[in-house]
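Chemist: Below you will find the structure I want to go over with you.
FYI, it's all coordinate maths here, none of it is from the lab. The model shown is predicted, which means the values in this text are computed figures rather than measured ones. Because the Cβ atoms are built from the backbone with ideal geometry, glycine has one as well, and the counts that use them run over all protein chains shown.
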Amino acid sequence: MPHEIFAPSTLLDLSKSLSAPFFEKNKPVWDVLPRLEAEIFKLGQTLPSEYVEKEPGVWIHREAKVHESAVILPPAVIGPGAELRPGCYLRGAVLLGAGTVAGNSTEIKNAVLFDGAKAPHYNYIGDSILGVNSHMGAGAVLSNLRFDGTNVVVTNGEKRFPTGLRKFGAILGDEAQLGCNSVCNPG
């Protein structure tokens, strides 16, 4: 692994998400992103009866609140107490944990939001992972594609770590917050 700071257990409380089995101990946290769609489909087949498969590949917990104008493309798992507000758009390969919020005009694709993570207003989350109780301010965006189309590189201090991924937004660790209208570069 490039550096233990990128280990899933260093950045995230894995006990606070159904996605814990998706992460490999000796791989960087972003390693899950290319496998996320398959992992969510596999998870969906094993969920308890509190989850209802509303349409093929979309599992919603009975205690989740989903506004009628929310759009959910498969695969997706929506946890207990999650709230999908008017006009949110889940573009597939999305796992929303317990108590998460996908707000109005928020678009999420190929992403995991751990329990309590919130993207409540006009956010874009692509190819990203949001830790427990993380929060994106209104209009905050996690860019996932470099202008030059090359693979995303993660920087830690003076060190650079190639991810091997053309699309990679961000990893927000547990309790992290982004201010209103912030834009994070890919990786």
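Chemist: Would you kindly derive the ³J(HN,Hα) couplings of the stretch 101-114 from the backbone phi angles with the Karplus curve 6.51 cos²θ - 1.76 cosθ + 1.60 (θ = phi - 60°), listing them in order in whole Hz, with x for Gly and Pro?
Modeler: Computed from phi, the couplings for the stretch 101-114 are 10, 10, x, 4, 6, 8, 10, 10, 8, 6, 8, 10, 10, 5 Hz.
Chemist: While we're on this one: At most 10 other Cβ atoms within 10 Å and a DSSP loop assignment: could you name the GluC sites (Glu not before Pro) in the stretch 6-102 that fit?
Modeler: Here the GluC sites (Glu not before Pro) that fit, given the DSSP loop and packing criteria, are Glu68.
Chemist: Separate question: Report the per residue volume, in Å³, of the convex hull enclosing the C-alpha atoms of the stretch 1-72.
Modeler: Convex hull of Cα atoms, per residue: 118 Å³.
Chemist: Still on this structure, I have one more. Debye calculation, C-alpha points only, no solvent: report log10 I(q)/I(0) for the chain at q = 0.11, 0.17, 0.18 Å⁻¹, in the same order as the q values.
Modeler: Log-scaled intensity ratios, in q order: -0.42, -1.04, -1.17.
Chemist: If you don't mind, another one. So if I take the centroid of the Cα atoms in the stretch 57-80 and the same for the stretch 113-137, what is the distance between those two points in Å?
Modeler: One Cα centre to the other: 16 Å.
Chemist: Which entries in the list Lys25/Lys167; Lys54/Lys118; Lys65/Lys118 go over 26 Å, if you measure between the two C-alpha atoms of each?
Modeler: Over 26 Å Cα-Cα: none of the listed pairs.
Chemist: Skipping prolines and chain starts, which residues have an amide H placed within reach, meaning under 5 Å, of the one on Ala138, given they are 5 or more residues away or on another chain?
Modeler: Cys180, Asn181
Chemist: Around Asp13, which amide H atoms from residues at least 5 apart in sequence, or from another chain, sit under 5 Å from its own amide H, with H modelled in the peptide plane?
Modeler: The answer is Val132, Asp174.
Chemist: In addition: Using DSSP to define loop residues, name the trypsin sites (Lys or Arg not before Pro) in the stretch 1-74 whose beta-carbon has at most 15 other beta-carbon atoms within 10 Å.
Modeler: Filter output for the stretch 1-74: Lys25, Arg62.
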